[in-house]
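A short reminder: the numbers here are calculations on the coordinates, not readings from a lab. Bear in mind that the values here come from a model prediction, so they are computed numbers and not experimental data. Virtual Cβ from ideal backbone geometry, glycine too; neighbours counted across all protein chains shown.
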Amino acid sequence: MSTADSQLAAKTRSVASLQIISSVVVAGLFLLYGVWDSISALYGGFTSVLTVLYLSRGVKRAEEAVLRNPKRSLQILYFGAVQRFLLVAGLLALGLAVFKLAPIAMCVGFAVAQLSFVLGSRNVANC
C-alpha cells in the first residue's frame with residue numbers, strides 16, 4: 001500500500017467515524033420519539049456513510065488511472081458522482097417505500113451525517 005493509499009484510508013476512516021458518531025447521536029435523540037424513529041435516523045445516517053466509502057473507492061480508482069490517462073481519471077470521478085447520487089436516491093426510496101421508515105427521522109439522520117461529512121472533510125483537508 002502506497003503512502004497516498006494509506007493517507008486516503010486514514011482520512012476515510014476519520015470522516016466515516018465522525019459520521020457514524022453523529023448518526024448514533026441523532027438516533028439516540030430520536031429514541032425519545034420511539035424506536036422506529038431511531039432506526040429510521042440510523043438508516044439515513046448510514047446511507048451517508050456508504051456514500052463516503054463509495055467516494056473513497058472512486059478516488060482511489062481515479063488516482064490509479066491518472067498516470068495512465070488523466071481524461072479517464074476525470075470520467076471515473078464524474079461517473080462516481082452520478083453513481084453516488086443514484087445510490088442515495090435508491091437507498092432513501094427503499095427506506096421509505098419498502099421498509100416504511102419515518103421520513104423526517106431518516107432525512108434528519110442523512111442530513112446530519114452529510115453535514116458531519118462536510119465538516120470532517122474540511123478538517124481533514126486542513127491537516
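Laid out as a table, the results:
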item: Cα-centred dipole magnitude for region 3-122, charges only on beta-carbon of K, R (+1) and D, E (-1), debye, nearest 20; result: 420
item: Max mean-square fluctuation residue, GNM over the chain, Cα-Cα springs under 10 Å, options GLY90, GLY80, GLY58; result: GLY90
item: Alpha carbon convex hull of region 3-122, projected area averaged over orientations, nm²; result: 7.4
item: Separation of the PHE99 and VAL35 label points, Cα + 7 Å toward Cβ, nm; result: 1.5
item: Fully extended contour minus Cα-Cα distance, from LEU53 to SER14, at 0.36 nm per residue; result: 12.9 nm
item: Long-range amide H partners of TYR33 with built H, under 5 Å; result: none
item: Candidate lysines - alpha carbon under 20 Å from LYS11, same-chain residues fewer than 8 apart omitted; result: LYS60
item: Relative exposure of THR47, THR12, judged by other C-beta atoms within 10 Å (fewest first); result: THR12, THR47
item: Global form of region 21-76, assessed from the alpha-carbon gyration tensor, a/c cut-off 1.5; result: prolate
item: The chain, helix-only ellipticity at 222 nm - DSSP H runs n ≥ 4, -39,500 (n - 2.57), divided by all residues, nearest 500; result: -31500 deg cm²/dmol
item: Coil-residue trypsin sites (Lys or Arg not before Pro) of region 49-117, DSSP, other Cβ within 10 Å capped at 12; result: ARG68, LYS100
